[in-house]
């Protein structure tokens with residue numbers, strides 16, 4: 001009964017969203033003190049994208065390393081990246097300069113426990129202790145992600161990683177080390193970043209680590225995988241691994257450390273391509289398959305009914321014990337949001353076999369800027385979708401505690417640091433966030449993606465999101481503040497937020513002419 005009621009709420013929410021206007025805080029002035037007193041603002045990165053030192057001090061490869069080195073033609077890779085491994089003190093000073101309350105980063109499992117299980121790497125342990133201590137000494141709160149796309153390659157080679165139930169034991173042992181060693185100072189833990197996209201990209205489309213897919217479904221020519229079954233298997237094991245990690249924390253650490261454990265999902269607002277009933281229902285299926293896939297088990301103990309109906313026996317079944325373990329197994333949800341995803345009904349796909357996740361969803365996604373190259377790619381600035389997503393979580397999943405872990409705007413790497421378009425994007429989205437918080441959303445934090453220009457999962461170094469430009473042509477990897485950094489910093493320091501902001505000429509010319517990396 002609970003799921004049938006929830007489905008009705010979902011459809012009602014979508015219909016109401018279509019009828020509402022899109023006016024919000026765009027163009028209006030506001031400041032950080034308009035937000036609740038305990039609301040936190042920060043910036044995000046992830047280990048493999050920012051640390052560098054990929055082959056130093058005992059670290060071994062992850063599936064992200066393998067992915068980044070897969071091309072025979074693109075010799076660029078993040079083995080050095082921003083070199084935060086060696087420049088973390090400098091980067092913490094940038095956070096202080098910007099005025100961040102918190103920094104979201106991830107721990108590299110391959111650096112901390114290079115063989116995936118067993119011995120802890122002292123040098124990796126020392127690095128994360130140093131980083132955490134440096135943050136805290138400057139009043140910046142660490143928010144830690146435990147897996148950000150970078151499963152140790154040795155576990156992928158040994159038994160297939162998240163396709164094997166053995167991953168639950170190894171993941172639980174890994175997070176036990178993290179809770180034990182860092183939990184006296186870390187209060188916010190995220191088990192998996194974008195768990196939904198990790199399994200879609202990694203096991204259906206094949207365009208993200210570990211690059212598994214099968215013809216005719218993959219976005220690339222994969223050499224291994226099964227797009228019809230593996231996304232569902234991997235997601236099942238990730239959910240259970242997450243739930244056991246939460247159980248471990250509650251039983252062994254929470255009473256003393258008093259921290260929170262959550263999981264992160266990429267979240268689009270799905271908008272119908274047309275106002276037909278078919279396209280509106282397609283939006284609901286998209287929400288169920290992308291967000292409900294994880295949120296329903298975590299909230300209600302089982303997958304959405306439409307998923308079980310359309311996927312059939314290809315989707316694993318939770319035991320009663322597992323369902324009970326999953327239900328309520330989170331303190332917060334991390335939300336990554338970038339843009340509205342328009343969708344169109346594709347119910348005809350259900351008549352075909354075999355089917356992958358997209359076909360089971362029976363939805364055609366209309367991607368924005370689909371003809372643009374990565375060097376030209378920017379996201380549409382449609383902040384009303386941000387509000388709709390957060391309202392969806394509030395209406396359908398009992399208004400959970402939410403942290404916005406990623407929100408930002410892409411740009412060509414070699415553009416000027418006068419990123420006015422990013423200023424407008426951030427201004428409009430944070431303004432919408434203020435609206436939805438005032439409307440009762442239990443969102444308590446916002447992190448810009450990203451602090452620095454980092455190696456991007458889908459764009460390599462062609463398109464970046466940073467508040468700081470990293471000059472990859474400079475051996476020192478010098479960081480330079482962009483206009484968006486100045487805007488965010490002024491906002492965090494209490495100045496009214498408007499899009500009317502300029503950098504002085506000296507700041508704009510510090511980089512000079514730049515060539516492609």
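When residue 59 is tested against (1) in contact with a strand residue (DSSP E or B) (Cβ under 7 Å, 6 or more places away or on another chain); (2) farther than 10 Å from residue 455 by Cα, only condition (1) is not met. Considering (1) part of a loop (DSSP other than H, G, I, E, B); (2) at pLDDT 95 or above; (3) out of contact with any helix residue (DSSP H, G or I) (no Cβ under 8 Å at 6 or more places or on another chain), the lone condition that residue 517 does not fulfil carries the number (2).
Restricted to the stretch 118-155, and to residues there that are touching a strand residue (DSSP E or B) at 6+ places or on another chain (Cβ under 9 Å) and in a loop (DSSP other than H, G, I, E, B), the residue that is surrounded by the most Cβ atoms within 10 Å (Cβ to Cβ) is 148. Within the stretch 69-85, the set of residues being within 18 Å of residue 466 (Cβ to Cβ) and either buried (at least 20 other Cβ atoms within 10 Å of the Cβ) or free of Cβ contacts under 8 Å to residues at least 60 places away in the same chain (or both) comprises 78, 81, 82, 84, 85.
Could you please let me know if residue 191 is over 19 Å from residue 64 (Cβ atoms) and in contact with a helix residue (DSSP H, G or I) (Cβ under 7 Å, 6 or more places away or on another chain)? Step through it out loud before you land on a result.
Values: over 19 Å from residue 64 (Cβ atoms): no; in contact with a helix residue (DSSP H, G or I) (Cβ under 7 Å, 6 or more places away or on another chain): yes.
Criteria not met by residue 191.
Being in contact with a strand residue (DSSP E or B) (Cβ under 9 Å, 6 or more places away or on another chain), assigned to a loop (DSSP other than H, G, I, E, B) and more than 18 Å from residue 156 (Cα to Cα), is that true of even one residue in the stretch 200-212? No: zero hits. From the list 244, 232, 287, the one residue that fits, being touching a helix residue (DSSP H, G or I) at 6+ places or on another chain (Cβ under 7 Å) and closer than 18 Å to residue 400 by Cα, is 287. Set side by side, the residues 203, 159 differ, and just one is surrounded by 22 or more Cβ atoms within 10 Å (Cβ to Cβ), free of Cβ contacts under 8 Å to residues at least 60 places away in the same chain and in contact with a helix residue (DSSP H, G or I) (Cβ under 6 Å, 6 or more places away or on another chain), which is 203.
Can you find a residue in the stretch 180-191 that is surrounded by 24 or more Cβ atoms within 10 Å (Cβ to Cβ) and closer than 30 Å to residue 314 by Cβ?
Step one: of the stretch 180-191, the residues surrounded by 24 or more Cβ atoms within 10 Å (Cβ to Cβ) are 189-191.
From what is left, the residues that are closer than 30 Å to residue 314 by Cβ are 190-191.
There is at least one residue in the stretch 180-191 that is surrounded by 24 or more Cβ atoms within 10 Å (Cβ to Cβ) and closer than 30 Å to residue 314 by Cβ.
A search for C-beta distances below 7 Å between a residue of the stretch 301-320 that is on the phi > 0 side of the Ramachandran plot and buried (at least 19 other Cβ atoms within 10 Å of the Cβ) and any residue that is modelled with pLDDT of 95 or more and in a helix (DSSP H, G or I), counting only pairs 6+ apart in sequence or on different chains, returns 301/323; 301/324; 301/326. Residue 110 satisfies every condition listed in (1) in contact (Cβ under 8 Å) with a residue 60 or more places away in the chain; (2) in a helix (DSSP H, G or I); (3) over 21 Å from residue 469 (Cα atoms) except (1).
Residue under question is residue 268, and the condition is that it be within 24 Å of the chain's Cα centre (by Cα), surrounded by fewer than 24 Cβ atoms within 10 Å (Cβ to Cβ) and over 28 Å from residue 183 (Cα atoms); does it hold?
Numbers: within 24 Å of the chain's Cα centre (by Cα): yes; surrounded by fewer than 24 Cβ atoms within 10 Å (Cβ to Cβ): yes; over 28 Å from residue 183 (Cα atoms): yes.
Taking the combined requirement at face value, the residue satisfies it.
Taking the stretch 324-345 as the range and being part of a helix (DSSP H, G or I) and under 15 Å from residue 292 (Cβ atoms) as the test, only 326 passes. Please specify each residue of the stretch 218-227 satisfying the condition of being surrounded by fewer than 21 Cβ atoms within 10 Å (Cβ to Cβ) and modelled with pLDDT of 95 or more. Once the filter is applied, which keeps residues that are surrounded by fewer than 21 Cβ atoms within 10 Å (Cβ to Cβ) and modelled with pLDDT of 95 or more, the stretch 218-227 yields 224, 226.
Which one is surrounded by the most Cβ atoms within 10 Å (Cβ to Cβ) among residues in the stretch 228-246 that are closer than 18 Å to residue 302 by Cα and in contact with a strand residue (DSSP E or B) (Cβ under 8 Å, 6 or more places away or on another chain)? The residue in question is 242. The one condition from (1) crowded, with 24+ Cβ neighbours inside 10 Å; (2) in contact with a strand residue (DSSP E or B) (Cβ under 8 Å, 6 or more places away or on another chain); (3) assigned to a helix (DSSP H, G or I) that residue 293 does not meet is (2).
In this structure, is residue 456 crowded, with 18+ Cβ neighbours inside 10 Å, in contact with a helix residue (DSSP H, G or I) (Cβ under 8 Å, 6 or more places away or on another chain), closer than 27 Å to residue 78 by Cβ and free of Cβ contacts under 8 Å to residues at least 60 places away in the same chain? Answer is no for this residue. In the set 34, 83, 79, 38, only one residue is at pLDDT 90 or above and touching a helix residue (DSSP H, G or I) at 6+ places or on another chain (Cβ under 7 Å); that residue is 34.
Suppose we filter 368, 400, 380 for residues that are touching a residue at least 24 places away in the same chain (Cβ under 8 Å), surrounded by fewer than 23 Cβ atoms within 10 Å (Cβ to Cβ) and under 17 Å from residue 197 (Cβ atoms); which single one remains? The match here is 368.
The values are calculated or read from the model by the stated rules, or taken from the named source; none is laboratory data. What you see is a predicted model; the values in this text were computed from it and never measured. Note: ideal-geometry Cβ built from the backbone for every residue, glycine included; neighbour counts use all protein chains shown.
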